[in-house]
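*Asks:* Sharing a structure here in structure tokens format.
The values are calculated or read from the model by the stated rules, or taken from the named source; none is laboratory data. Just so we're clear, the structure is a prediction, and the values are computed from it rather than from any experiment. Virtual Cβ from ideal backbone geometry, glycine too; neighbours counted across all protein chains shown.
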Amino acid sequence: MLSLVICTLNEGQAIGPLLDETRAALETALGHSGFEIIVVDDDSSDGTGRAVQAAAAQDSRVRLIVRKGVRGLASAAVRGWDEAGGEVLALMDGDGQHDPALIPRLAAAVSEGGADLAIGSRYMSDAASGLTGRRHWISRAATRMAGLVLRAPLRDPMSGCFAMRRDWYEAARPKLSTVGFKILLDLVASSPRAPRIAELATALRPRRGGESKLDLRVMLDLASLLIEKRTGRLIPSRFVEFSLVGASGVLVNLTVLALLGALPFWAAFGIATVVAMTSNYWLNTLLTYRDQRLRGWLRWRGLLMFYLACSGGALLGQGVGNGLLVAGAPRALAGLAGALSGGVWNYLATRWMIWGAERRRPAGAS
């Protein structure tokens, strides 16, 4: 059986007609009992869930999973595949840009053609990919970057429409990052062996609803994921993004210090430190942990906890640096070690104290 996962976020206009079209295409190719469709919705506010529930009420092959307090295509796809029952697992977008008629062909390439992974590729030829403007150039740049870490050559490693063998997925599953939107790249880079790949030409159709998720934040996710994979997970992708935000905080600190030059240094430094911490918190909310974004009063509680955690990191960094200086280490080395230890503390402490609720939630919770 084929298990098709569709990940949605505010795609209420598209999902109903898309489910009708997809069920018709799959039933024609695979028969009445040859497939299931699992929609994983990140708590959409536009009626997406209601549209899926209406389809599920008419067809038991359609299921809805609603996730609350967490977002991101990669983790949503993994949630769906983990609950799927098919021997062939597939993925497509919920905005109508992927042609459902392609899914049975991808499944056949896996179940009958011997491929571990079959991909709908937008770059099999010079024909139009369906992307326009900035989205086209971001996708092409991301494709070139992805070639740095992949075990197998792919024309379109950023594709969101593919099918795979369950056993190949399960082999890659323990090493998945599940951060961001580029799950195909994550899968191929996490696999213990190079997959047997089939690529089928396709182009994106006009979007029926929802908004594009392809922006510069996706490029940041991609770059951090590549670093994680190239270092064998020694440097987690979230730590890369957290560190980049921290580097921006240094610039904020120096800028505020310069603007407050008329104040005593201790007062200017204290204000600059608070402003930098505040900037770092909101940037981490928007970038590093946007898939676990806090809402309501929890955002302000998180800010206070961020101040507390980073104050501890500053004390730790100072202690490490001073200790190395006393031991005779060069000043630059002591400073670097202090900054690194403080940064690692800040990452671990804030991840646990502020953004760790979803990781500690029991498996299977919505």
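*Asks:* Among the residues of region 47-55, is any touching a Cys at 6+ places or on another chain (Cβ under 9 Å) and modelled with pLDDT of 95 or more?
*Replies:* Checking region 47-55: not a single residue is touching a Cys at 6+ places or on another chain (Cβ under 9 Å) and modelled with pLDDT of 95 or more.
*Asks:* Moving on. When residues of region 280-322 are filtered for being surrounded by 18 or more Cβ atoms within 10 Å (Cβ to Cβ) and of a type outside the set (A, V, I, L, M), how many remain?
*Replies:* The number of residues fulfilling the criteria is 14.
Okay, residues lined up against (1) hydroxyl-bearing (Ser, Thr, Tyr); (2) in the same structural domain as residue 289 (by TED's automatic domain parsing); (3) at pLDDT 90 or above; (4) under 17 Å from residue 25 (Cβ atoms):
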{"position": "106", "(1), (2), (3), (4)": "no, no, yes, yes"}
{"position": "109", "(1), (2), (3), (4)": "no, no, yes, yes"}
{"position": "117", "(1), (2), (3), (4)": "no, no, yes, no"}
{"position": "122", "(1), (2), (3), (4)": "no, no, no, no"}
{"position": "168", "(1), (2), (3), (4)": "no, no, yes, no"}
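*Asks:* Go over the candidates 69, 12 one by one and state the one that is assigned by TED's automatic domain parsing to the domain that holds residue 119 and either on the phi > 0 side of the Ramachandran plot or aromatic (Phe, Trp, Tyr) (or both).
*Replies:* 69
*Asks:* Identify the residue in region 1-28 that is in contact with a Phe, Trp or Tyr (Cβ under 8 Å, 6 or more places away or on another chain) and aliphatic (A, V, I, L, M) and, among all such residues, is surrounded by the fewest Cβ atoms within 10 Å (Cβ to Cβ).
*Replies:* The extreme case among them is 1.
*Asks:* Within region 14-97, which strands (runs of 3 or more DSSP E) (wholly inside it) include 1 or more residues that are free of Cβ contacts under 8 Å to residues at least 60 places away in the same chain?
*Replies:* 35-41, 62-66
*Asks:* Restricted to region 328-340, and to residues that are surrounded by 13 or more Cβ atoms within 10 Å (Cβ to Cβ) and among the small types (Gly, Ala, Ser), which residue is nearest to the chain's Cα centre (by Cα)?
*Replies:* Per the stated criteria, the residue is 339.
*Asks:* Among the residues of region 198-219, how many are assigned to a helix (DSSP H, G or I) and at pLDDT 75 or above?
*Replies:* Of the residues in region 198-219, 0 are assigned to a helix (DSSP H, G or I) and at pLDDT 75 or above.
*Asks:* Any residue at all in region 313-327 that's more than 34 Å from the chain's Cα centre (by Cα), in the same structural domain as residue 271 (by TED's automatic domain parsing) and not in a helix (DSSP H, G or I)?
*Replies:* Yes, region 313-327 has at least one match.
*Asks:* Then there's this: Among the residues of region 98-125, which ones are in a helix (DSSP H, G or I) and within 18 Å of residue 14 (Cβ to Cβ)?
*Replies:* 102, 103 - these are the residues of region 98-125 that are in a helix (DSSP H, G or I) and within 18 Å of residue 14 (Cβ to Cβ).
Each row is one residue, and each column tells you yes or no for (1) modelled with pLDDT of 95 or more; (2) polar (S, T, N, Q); (3) crowded, with 19+ Cβ neighbours inside 10 Å.
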{"site": "30", "(1), (2), (3)": "no, no, no"}
{"site": "33", "(1), (2), (3)": "no, yes, no"}
{"site": "36", "(1), (2), (3)": "yes, no, yes"}
{"site": "39", "(1), (2), (3)": "yes, no, yes"}
{"site": "45", "(1), (2), (3)": "no, yes, no"}
{"site": "62", "(1), (2), (3)": "yes, no, yes"}
{"site": "68", "(1), (2), (3)": "no, no, no"}
{"site": "74", "(1), (2), (3)": "no, no, yes"}
